[in-house]
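J.: Got a structure for you, questions after.
What follows draws every value from the coordinates through simple rules; no lab data is involved. From a predicted model like this one, the values you see are computed outputs, not experimental measurements. Quick reminder, even Gly has a Cβ in these numbers, built from the backbone with ideal geometry, and neighbours come from all protein chains shown.
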Amino acid sequence: MKLLVITSLKEYLPAISALLKQAQIAVFSVSKTTGIKTTDGADLFDDWFGSHSGDFDSIFLFSFTAEGAAKKALELVEGYNRVNDSDFPVRAFILPVEQSSQSSSK
């Protein structure tokens, strides 16, 4: 099992939902958040919310999913960013889930 984490601007939610569906991820959670950037910088994490300073209405999506589906979603996000070339790219990460209280068998 993997934890897929995606962050983006709020208005990208319909597009990201479509990407997750294409990756066969049918269940995910969305939380509203505010991204704040106080300075411009060259580092990836300084550039988290693009090339502009300010407050941004953002979303945080996550799903506990199979490794193959998580990898497919990451590939689709990378493709989305290439095609859309936004100042505010979608960010995606895959994290390992080492243990869980949820049994994998039912």
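J.: Which distance in nm do the two modelled labels at residue 82 and residue 26 give, with both placed 7 Å along the Cα-to-Cβ direction?
T.: About 3.0 nm, to one decimal.
J.: How far, in nm, would the chain grow between residue 57 and residue 5 when pulled straight, counting 0.36 nm per residue and subtracting the alpha carbon separation?
T.: 17.0 nm
J.: What is the spin-label model distance, in nm, from residue 75 to residue 97 if the labels are put 7 Å beyond Cα along the C-beta direction?
T.: 2.2 nm
J.: 7 Å from Cα along Cα→Cβ at both residue 34 and residue 15: what's the point-to-point distance in nm?
T.: 2.5 nm
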